[in-house]
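This report concerns only the one structure given below.
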Amino acid sequence: MKKVLLFCLLFTLLVSAQDVNLFYNHKIPTFDYHVMYVAANDLLGFTSSLYNGQGKTETYNSGLSLNHGYHTQNPKITGSLNSSLSYNYNKQQTPNWNTHGYNTIERAETDFQVYGKYSRYFDNEKGLYFFTDGSAICLNGNYTGTPGHSYPPDLTHLNANILMGGGYGRVVEVRSVAKAAIIADEMNISLSADILEQLAVVIEKSENGYYTMTFKDDAEIKFMEELTALINKQDQTAKIQQILNSSLYKTINRYYGWTVKAGLGINMLQSNIRNIYYVDKDKELQFDSDFYTAFRYTLPISFNIIGQRA
Amino acid sequence: MNCNFSRVFAFDSGNYSNFSAGVYTQYMFLNRAALYANAAYEKREYSNYMSYEVPKYVSSAWESEITNIHLGFKYFIF
């Protein structure tokens, strides 16, 4: 029994050796994008409901947000910064049977959110590195309403977290390599390791939002142009789209490599929101910090690069 | 009578063109009394094997009305 298990293990490692090399040689793609937009899902929103015997309820909504996103990536540096500033106004009128008028609650809310992360490798892209990861949410809400009618007190919510530290090694996501191999397999074409790697880079850039954020409406066209040019199959766009999007060809996420890292996290919270139904009148600032450490080792050992598919 | 007028044009926030905007409108009116107008009485059987003709609940004013208007946009500065 032990000999059979040993044989199975050796067979797995030998058969997957070529595939593992493809995973190991996968380079982190180099690209960046910068995007900023103004949006309002409800620049003007109005809902009126009249149910028999229950009177008329009217709700007005108005909001506007400014959103910003930046991402940069190369084998040594990965950084992103996303932020949004939004304003929302809401007014609700419900019937007041005592006064034969309406109870009114108005809410004006300002919301600022920022999230960023940055990591930098020093000498080589799988060696010593520094990382930081932070987010902050600041929300301020003011309520006014009909005198005598209850409405919540003003909301204040400030939550900020930052984690920074250092480590050694790298775990690389390699699903795009498996996807490139699936394309080659399904199209029945033989591709060199270099072309497979270039295909994987294009797929990974697409999955990380590069084409959508850079080319907007033309994202799919640019993506398919680059992909089909690499394998010289410009007339097979529909088939490649099917391979990339159909559930028949989906593959699970794969990672390759190892890393050990440690850092210090600082968390700050000042909020009077107890839950979505209740707001406290008082708020106090809380600080907390924690030590963080992690070790991760991962090696795909499937019999072939495209995975075990039925 | 059931009247439903909806979705003249929907705003799609998933659209990544440089500028997209839309209006969503819906009006719904429902009068439940009309549903009962043809049979104002129904036969009910009870556990003592007796049956009775009982009037159905008929209201001439069971109405509900919902109006929705939404206007939105999205503009990419860059």
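The values are calculated or read from the model by the stated rules, or taken from the named source; none is laboratory data. Fair warning: this is a prediction, and the values are worked out from it, not measured in the lab. Here the Cβ is made from the backbone with ideal geometry for all residues, glycine too, and neighbour counts use every protein chain on show.
Does A:Pro147 fit the bill of being under 30 Å from A:Phe287 (Cα atoms) and surrounded by fewer than 17 Cβ atoms within 10 Å (Cβ to Cβ)?
When the stated conditions are applied, A:Pro147 does not pass them.
Can you find a residue that is touching a strand residue (DSSP E or B) at 6+ places or on another chain (Cβ under 6 Å), at pLDDT 90 or above and not in a loop (DSSP other than H, G, I, E, B) anywhere in region A:193-210? Before the answer, list the steps.
Keep residues of region A:193-210 that are touching a strand residue (DSSP E or B) at 6+ places or on another chain (Cβ under 6 Å), which gives A:205, A:210.
With at pLDDT 90 or above added as a condition, the list becomes A:205, A:210.
Those still in the list that are not in a loop (DSSP other than H, G, I, E, B) too: A:205, A:210.
Checked region A:193-210: at least one residue is touching a strand residue (DSSP E or B) at 6+ places or on another chain (Cβ under 6 Å), at pLDDT 90 or above and not in a loop (DSSP other than H, G, I, E, B).
Out of everything in region A:180-192 that is part of a helix (DSSP H, G or I) and of a type in the set (Gly, Ala, Ser), what residue ends up being farthest from the chain's Cα centre (by Cα)?
Let us first name the residues in region A:180-192 that are part of a helix (DSSP H, G or I), namely A:180-186.
Now restrict to residues that are of a type in the set (Gly, Ala, Ser): A:180-181, A:184.
Values: A:Ala180: 22, A:Ala181: 25, A:Ala184: 28 Å.
This residue is A:Ala184.
With respect to the numbered conditions (1) within 30 Å of A:Gln198 (Cβ to Cβ); (2) more than 14 Å from chain B (Cβ to nearest Cβ), which one is the sole condition not fulfilled by A:Gly69?
All conditions are met except number (2).
Could you please let me know if A:Asn142 is assigned to a strand (DSSP E or B) and surrounded by fewer than 16 Cβ atoms within 10 Å (Cβ to Cβ)?
yes
Give me a count of the residues in region A:43-73 that are crowded, with 16+ Cβ neighbours inside 10 Å, out of contact with any His (no Cβ under 6 Å at 6 or more places or on another chain) and closer than 30 Å to A:Gly169 by Cα.
Within region A:43-73, residues that are crowded, with 16+ Cβ neighbours inside 10 Å, out of contact with any His (no Cβ under 6 Å at 6 or more places or on another chain) and closer than 30 Å to A:Gly169 by Cα number 3.
Consider A:Ser206 carefully, then state whether it is within 28 Å of A:Gly79 (Cβ to Cβ), away from chain B (no Cβ under 13 Å), among the small types (Gly, Ala, Ser) and free of Cβ contacts under 8 Å to residues at least 60 places away in the same chain.
yes
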